Amino acid sequence: MQDQPSEIQAELERKASDALSRLYQADRGDKTVAKAYDAALDLHTLLTRPIKVAIGGEFSSGKSTFVNMLLGQHVVDMQASASAMPTVHFLHGAKTTYRTIGTKHSQSIADINTLREEDLHELECLEVTADVPFLKQFEIFDTPGTSDPSRSVDQLLTVVNQVDFVIWCTNATQAWRESERRMWENLPFELKQRSLLIVTHVDLPSIKPSLNRLMKRIKKDAAPLFKKIIPMELLAASSARDKTGKVTDQAAWEASGGADCLEAMAAISIEVRTDVFQNAIYDLENKIIPVIENLKTGAASFLSYWALEFTTTQSRLLDADNTMILRAHLKLIEGALAFLDGNSKTEAAEAKIIIARLEEAHDFIKIISLQKITDQNIQESCTAIKQLDWEFKNLTMLT
Ligand SMILES: Nc1nc2c(ncn2[C@@H]2O[C@H](COP(=O)(O)OP(=O)(O)OP(=O)(O)O)[C@@H](O)[C@H]2O)c(=O)[nH]1
Ligand SMILES: [Mg+2]
């Protein structure tokens, strides 16, 4: 049976992760290893990055309501009028932060309500990070209304080059107007083929009785221009899930179009990634795995690894405090042991001696770290590390 794209994705992700940890422990002072490590890192990022989606549509078509529905909460609570808002770029972060991106400079903002409307007008974008699970999968660009005359350049056109697909919101009360069709015409063909058309406000009493007829008309005009067209009751979809995105009212979630919409977004996200599979497989087979299979073993590669890590640690510790010094020394030794574990397949005689010395020094520093920390025992730890370095540089004397 043919593997599903989601299974291929999981398998590639696992292989990229494995390769990354093997190469991380290897001697990255070696140019071939460093190159393979960078390739594995790029590959891992490519396979796991969030899919980027822009939300477009005319003035007041429900774009921001749709974004809040996806996020499960209002992340941007502003007093400024909607027409003054620039594009808002939502991405995942450990906490909520705001950053204004202007044509000339960017800056972090503690309280977005200190931004005046004229400041907002000058911005290219307002970047918002939030700890919302949905944002780990999708980055969102909420663009301001495209027929808003106060904005000279259509904001959607400025972000389309950065996104994987677009979700266009059209208001059911005047759905899929000629002005929308003309705007949509300007977008790249491939992007449109992956994009969704969301018909909002279908819960309104003026729309509900004739919804079937309306959808038939929209499908006739717009079906060839989108991947899928989905009618949505945005307010009902918002209240059908909790803050974490968990569905609390399944019937309402399905009836509102929320379930269809998220399913379609997940399918597009797989499709976008499928496009990188072939390159990913090629990179793994040609640039990464052969390097891993040829990783050098024994003392020579260890000594080059140690020299790099020792110098880096020493320079990092120049202004460090005492507890940091002890922790860094232990980490240096633990890293060296992990390196040998991953690379000394042949159990070279030197490797045995090196491992014994590393373990001895580790025990010694560990004991110090459990005592009351004084300048004197920090000094002893430094001496032990320097002694190790001297011994490794003069390894032939040891063997
Ligand atoms: N009844 C109903 N109201 C909706 C729906 N979607 C949005 N609204 C309302 O429509 C109004 C405009 O929605 P917004 O989300 O601000 O529209 P927008 O496209 O972001 O507007 P701009 O950014 O100013 O272009 C708000 O009052 C929403 O509450 C819907 O599906 N049903
Ligand atoms: Mg809006």
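The values are calculated or read from the model by the stated rules, or taken from the named source; none is laboratory data. What you are looking at is a predicted structure, and each value in this text was computed from that prediction instead of being measured. Reconstructed Cβ throughout: ideal geometry from the backbone, glycine too, with neighbour counts over all protein chains shown.
Candidates Leu120, Leu135: the one that is away from ligand 2 (no atom under 16 Å from the Cβ) and in a helix (DSSP H, G or I) is Leu135.
Only residues that are hydroxyl-bearing (Ser, Thr, Tyr) and touching a Ser or Thr at 6+ places or on another chain (Cβ under 7 Å) were counted in region 174-205, giving 2. Within region 59-78, being modelled with pLDDT of 90 or more and either among the acidic types (Asp, Glu) or at positive phi (or both) holds for one residue alone: Gly62. Please specify each residue of region 177-205 satisfying the condition of being closer than 21 Å to Ala252 by Cβ and either within 16 Å of ligand 2 (Cβ to nearest atom) or touching a residue at least 12 places away in the same chain (Cβ under 8 Å) (or both). Scanning region 177-205 gives Leu196, Ile198, Val199, Thr200, His201, Val202, Asp203, Leu204. Would you say Val128 is within 18 Å of the chain's Cα centre (by Cα), hydrophobic (A, V, I, L, M, F, W, C), in a strand (DSSP E or B) and more than 14 Å from Gly56 (Cα to Cα)? Taking the combined requirement at face value, the residue satisfies it.
Residues in region 190-222 that are more than 16 Å from ligand 1 (Cβ to nearest atom) and of a type in the set (Lys, Arg): Lys192, Arg194, Arg213, Lys216, Arg217, Lys219, Lys220. Under the condition of being of a type in the set (A, V, I, L, M) and either in contact with a Lys or Arg (Cβ under 9 Å, 6 or more places away or on another chain) or closer than 15 Å to Val88 by Cβ (or both), which residue from region 110-124 is modelled with the highest pLDDT? That would be Leu123. If you scan region 282-294, which residues turn out to be surrounded by fewer than 14 Cβ atoms within 10 Å (Cβ to Cβ) and part of a helix (DSSP H, G or I)? Those that are surrounded by fewer than 14 Cβ atoms within 10 Å (Cβ to Cβ) and part of a helix (DSSP H, G or I): Tyr282, Glu285, Asn286, Pro290, Glu293.
Only a single item in (1) in contact with a Leu (Cβ under 8 Å, 6 or more places away or on another chain); (2) under 17 Å from Gly257 (Cβ atoms) is not met by Trp184, and it is number (2). Close Cβ contacts (under 7 Å, 6 or more residues apart or on different chains) running from residues in region 223-237 that are over 16 Å from Asn171 (Cβ atoms) and not assigned by TED's automatic domain parsing to the domain that holds Asn68 to residues that are near ligand 1 (Cβ under 6 Å from one of its atoms) and among the hydrophobic types (A, V, I, L, M, F, W, C) are absent. Being in a helix (DSSP H, G or I), modelled with pLDDT under 90 and surrounded by fewer than 20 Cβ atoms within 10 Å (Cβ to Cβ) holds for only one residue in Asp18, Asp3, and it is Asp18. Which residues, counting only those in region 161-176, are surrounded by 21 or more Cβ atoms within 10 Å (Cβ to Cβ) and either at pLDDT below 95 or of a type outside the set (A, V, I, L, M) (or both)? Asp164, Phe165, Trp168, Cys169, Thr170, Asn171, Ala175, Trp176 - these are the residues of region 161-176 that are surrounded by 21 or more Cβ atoms within 10 Å (Cβ to Cβ) and either at pLDDT below 95 or of a type outside the set (A, V, I, L, M) (or both).
Taking region 253-271 as the range and being surrounded by fewer than 17 Cβ atoms within 10 Å (Cβ to Cβ) and within 30 Å of Ser21 (Cβ to Cβ) as the test, the residues that pass are Ala266, Ile270, Glu271. Restricting the first member to region 207-220 and to residues that are under 16 Å from Arg177 (Cα atoms), and the second to residues that are buried (at least 17 other Cβ atoms within 10 Å of the Cβ) and of a type in the set (Ser, Thr, Tyr), the beta-carbon pairs closer than 9 Å and six or more apart or on different chains are Ile218/Thr170. Taking the conditions (1) buried (at least 18 other Cβ atoms within 10 Å of the Cβ); (2) under 20 Å from Val163 (Cβ atoms) in turn, His44 satisfies each one other than (2). Check region 24-34 and report whether any residue there is at pLDDT below 90 and within 16 Å of ligand 1 (Cβ to nearest atom). Looking for residues that are at pLDDT below 90 and within 16 Å of ligand 1 (Cβ to nearest atom), one finds none in region 24-34, hence no. Return yes when Ala39 is touching a helix residue (DSSP H, G or I) at 6+ places or on another chain (Cβ under 6 Å) and within 16 Å of ligand 1 (Cβ to nearest atom) and no when it is not. Answer is no for this residue.
As a summary of the residue check, Arg182 satisfies the conditions (1) away from ligand 1 (no atom under 14 Å from the Cβ); (2) surrounded by 21 or more Cβ atoms within 10 Å (Cβ to Cβ) except for the one numbered (2). If we keep just the residues of region 79-101 that are buried (at least 16 other Cβ atoms within 10 Å of the Cβ), within 14 Å of ligand 1 (Cβ to nearest atom) and not in a helix (DSSP H, G or I), which is modelled with the highest pLDDT? Once the filter is applied, the top-ranked residue is Phe90. When residues in region 44-61 are screened for being within 16 Å of ligand 1 (Cβ to nearest atom) and under 18 Å from Phe138 (Cβ atoms), 5 of them pass. When you scan region 177-187, do you find a residue that is aromatic (Phe, Trp, Tyr) and at pLDDT 95 or above, even just one? No, region 177-187 contains no residue that is aromatic (Phe, Trp, Tyr) and at pLDDT 95 or above.
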